Amino acid sequence: MSDAATIRFLLDGEVIEIRDVDPTRTVLQYLREDLRRKGTKEGCAEGDCGACTVVVAELAANGSDVTIKAINSCIQFLPTLDGKELMTVESLAHGDELHPVQSAMVSQHGSQCGFCTPGFIMSLYALYETNPNPGRQEIDDALSGNLCRCTGYRPIIAAANEMYSATPAPRPDRSSALKRIQRNGSLCIEHDGRRFFAPVDANELAALLTQYPEATLLAGGTDVGLWVTKRHRELETVIYTGRVSELADVRVTDTQIDIGAAATLTDAVPVIVKHYPGLDEMFRRFASPPIRNAGTLGGNVANGSPIGDSMAALMVLDATLVLRLGVVEREIAINEFYHDYMVNDLQPGEFVARIWIPLPTDGALVRSQKWSKRFDQDISGVCTAYRLVLDAGRVASFRMACAGLAATVRRAEKTEAAIVGLPWTHELIESACEKLAEDYAPISDMRASADMRLLAVQNLLRRFFAETESGDTVTVYTYGRQH
Ligand SMILES: Cc1cc2nc3c(=O)[nH]c(=O)nc-3n(C[C@H](O)[C@H](O)[C@H](O)COP(=O)(O)OP(=O)(O)OC[C@H]3O[C@@H](n4cnc5c(N)ncnc54)[C@H](O)[C@@H]3O)c2cc1C
Ligand code: FES
Ligand code: FES
C-alpha cells in the first residue's frame, strides 16, 4: 500500500498508520470500536453535547508553531487526522499522576455520573494549553459546547480556575514530532469503491472536482459529518479542503478582508470582529468552540442553510464570493448567490475559493443579532444583520438581512427602501416593523411559529434602534447572560 494511501497521525507519542479504512469512519468510532479506548463518550453523535470532545495539535501555516484545539470526534472523519496529533482523556495522566485539569476536577467535585466528564476535561485541557489566564467569560465560552446533566457547572468552573494553580504539566516538543509525519503529496484513500482525497493545493483541488463533479466537498465536516452519523448517507467520493493551505489564510488588504474558504471560524472570526465589533455577539454564539475550530466560513456560506448565521452579516456588508471551476475564477455578490432552499449558484465541480468582505468606510453602524431558545450552542430561530448610515439624524443608507424567515437568508428590500431618507425615529422603526411582514412570509417549525419569528425580528429591529438612538454613537451591545 503506497504512502499516499496511509493515514498517519500521532497518539500518545506513537505514530499510528492506518490503511484500507472506510473514509467516513469517525474518529470516535475508531477510538471506541477499533482501539477500545472508551474514555471518549458518545452522547448525541451530532456535535451538540461535547461528550466526545478530543484535542488535536497541528502545525500552523508557518510550519513550526503548533495550534491546539478541541474538536468533536463524533463528526470528524478519520482521514482528517492525517498529519496531526490526537489527544484523548487517556493521554493526559502520566501513570498515577493526574494532569492539573484532572486534579482540579477531582478536588472541586466536578463530576457525578461522569458521562460528560472526559469531554469537559478535554475542553478544559485545550483552554489550559492555549490560554494561561482566562477570565470567567472565556471559561464559560470554552465550556459552551459541553453539556452536563447532573453536576452543574459551578464546580466545573471552579476546577477551571484551580487548574492553573498546580505546577504546570510538562509540555512535549510537539513541533518536531509533527514535522516528522508530514507528507509531501496528497492523501488518496480507496476503500470498497469509495474514495477520499486530501489535496494539498488549490489547483489539485480544482482538478479533482472537475474529475469528480458529484463528489462531496468536505471542509470542517460540521454539516457533512451529520449526513453520515444522522442520515446514514454513504458518501462515494469525498474531497477534503483542510490541507489546502492557500484556502485557509485570512488577509486584510487596503480595502477588504480576504478569507480563504477553508479558514476555520476560529481563525476568520476574530479578524472580522476586529473590523466590525457589532458582529461579536452573533459569532460568539455561533455553535461552540469545538465546532468553530473545525467549521469554516466557506462551509457555512456554501451549505446555505436558511438559518445559517453568517450570511445575513455578509449580505449587509455586500460581501463577494470568489468561485472557481477548473482554472476559471468568477466573482459573485453573496446577495445573488442563493436561488432557493439549499440551492445556490455553484455549478457542478465549482467551489467557493474566497470570501471578500469590504472594510468599513463611511461610519456605518453594523450589527448582527441572534435569537435562539438557548443562549449558547443553539441554532438560530432567527438571525438578523443591519448596516446603517445616518446623516444628520436621517437614514442615508440602510441594509437589513434576516435568516430564519424564508427559504434562503435574504435582504429585507422593501423595508430598506421604505425608510431611506427619513428621520431615524421610533415612529420610523414602527412603520419598518409593519413593512417587514411584506418582505417575509416565515414558516412555522419546531424552533418557532411563523408569528413568533416575525415578532422576534421586529423586536430585534426595535432593539437595534434603541442601541443607535442617539444618532452618531452606537451602544454596542455588551455580551452577557441577559438577552
Ligand atoms: C452542534 C452544531 C452547532 C452548529 N451551530 C451553528 C450555528 O450556531 N450557526 C450556524 O450558522 N451553523 C451552525 N452549525 C452548522 C455548521 O457548523 C456550519 O454551517 C459550518 O460553518 C459549516 O462549515 P464546515 O466547514 O463544517 O462545512 P462542511 O460540513 O464541511 O460542509 C458544508 C457544506 O458546504 C460545502 N462546502 C464546504 N466548503 C466548500 C467550498 N469551499 N466550496 C463549495 N462548497 C463547500 C460542503 O460540500 C457541504 O455541502 C452547527 C453545526 C453543529 C453540528
Ligand atoms: S457525541 Fe455529542 S458532541 Fe459528539
Ligand atoms: S456528571 Fe453526569 S452529565 Fe455531567
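Laboratory data are not the source of any read-out in this text; all were calculated from the coordinates shown. Everything numeric here is computed off the predicted structure, so don't read it as measured data. Note that each Cβ is placed from the backbone with ideal geometry, even for glycine, and that neighbours are counted across all protein chains shown.
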| query | Is region 365-468 rounded, prolate or oblate when judged by the Cα gyration tensor, a ≥ b ≥ c being the square roots of its eigenvalues, rounded requiring a/c under 1.5 and prolate requiring a/b larger than b/c? | reply | prolate
| note | Here, GluC sites (Glu not before Pro) of region 150-237 satisfying both criteria (DSSP loop; at most 16 other Cβ within 10 Å) are E214, E234, E236
| request: Would you mind checking the tilt of helix 202-211 against the longest principal axis of the Cα atoms of the chain, expressed as 0 to 90 degrees and rounded to 10? | output: 90 degrees
| request: Collect residues whose amide H, placed 1.01 Å from N in the peptide plane, falls under 5 Å from the amide H of D391; neighbours closer than 5 in sequence don't count. | output: A396
| task | Please count, across the chain, the pairs of lysine residues with Cα atoms under 29 Å apart that sit 8 or more places apart or on different chains. | result | 25
| Which order do peptides 279-289, 146-156, 119-129, 249-259 fall in by mean Cβ count within 10 Å, highest first? | 119-129, 279-289, 146-156, 249-259
| said: Need one word for region 208-293: rounded, prolate or oblate. Basis is the Cα gyration tensor (sqrt eigenvalues a ≥ b ≥ c); a/c below 1.5 gives rounded, then a/b vs b/c decides. | reply: oblate
| the chain - mean residue ellipticity at 222 nm from DSSP helices (-39,500 (n - 2.57) per run, n ≥ 4, rounded to 500) | -8000 deg cm²/dmol
| query | Rounded, prolate or oblate: which fits region 1-98, taking a ≥ b ≥ c as square roots of the Cα gyration tensor eigenvalues, rounded meaning a/c under 1.5, else prolate when a/b beats b/c? | reply | rounded
| field | Test item: Cα-centred dipole of region 365-468, Lys/Arg +1 and Asp/Glu -1 on Cβ, debye | value | 280 debye
| request: Using only Cα atoms, locate the centre of region 112-158 and the centre of region 234-258, then give the distance between them in Å, rounded to an integer. | output: 30 Å
| Cleavage-rule hits, trypsin sites (Lys or Arg not before Pro), region 11-65, DSSP coil, Cβ neighbours within 10 Å at most 10 | R36
| task | Run the numbers on the chain and let me know its relative contact order in percent, using alpha-carbon pairs under 8 Å that are six or more apart. | result | 12 percent
| If we count other beta carbons within 10 Å of each Cβ, what is the order of D173, D439, D318, fewest first? | D173, D318, D439
| query | In what sequence do V27, V228 fall when counting other Cβ within 10 Å, fewest first? | reply | V228, V27
| request: Quote the charge dipole size of the chain about the Cα centre in Debye, to the nearest 20; the model charges only the Cβ of Lys and Arg (+1) and of Asp and Glu (-1). | output: 840 debye
| message | Of T415, F464, L428, which is farthest towards the positive pole of region 375-472's charge dipole, taken about the Cα centre with +1 and -1 on the beta-carbons of Lys, Arg and Asp, Glu respectively? | response | T415
